[in-house]
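To keep things clear, I will list the structure first and then write my remarks on it.
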Amino acid sequence: MRKTRVNLDELHVATIMRQWPDTIPVFLEFKMLCVGCPFASFHTLASACDLHPVKRSRVSSRLEETITDAAPPRAPSKDAAD
């Protein structure tokens, strides 16, 4: 079982979804409409949780669980602005 070595709260939402596509359903599960949102590249996970009626600890926990069970992260694309 792998453990992520990054602080998800500090990553932009778009970066999380791009590097770990398996996390997209987690955002939808919490009714966070970050998928396709133009602000996903600007909001960190912490700020996105503050803007939505969700508990950051629950979202972070589910994301960590999903990332741990997922394939290795994708390499950042050359055109990534994050």
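Between ASN7 and GLU64, what length comes free when the chain is fully extended (0.36 nm per residue of separation minus the Cα-Cα distance, one decimal in nm)?
Working: separation 57, 0.36 × 57 = 20.52 nm, distance 0.98 nm.
The ASN7-GLU64 span can extend by a further 19.5 nm.
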Review point. Can you give the relative contact order of segment 8-69 as a percent, counting alpha carbon pairs under 8 Å and 6+ residues apart?
Key: 42
Check your understanding: Seen from all sides and averaged, what is the projected area of the convex hull of the Cα atoms in segment 8-69, in nm²?
Key -> 3.5
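No value in this document is a laboratory result; all are computed from the given coordinates. Computed from a predicted structure; not experimentally measured.
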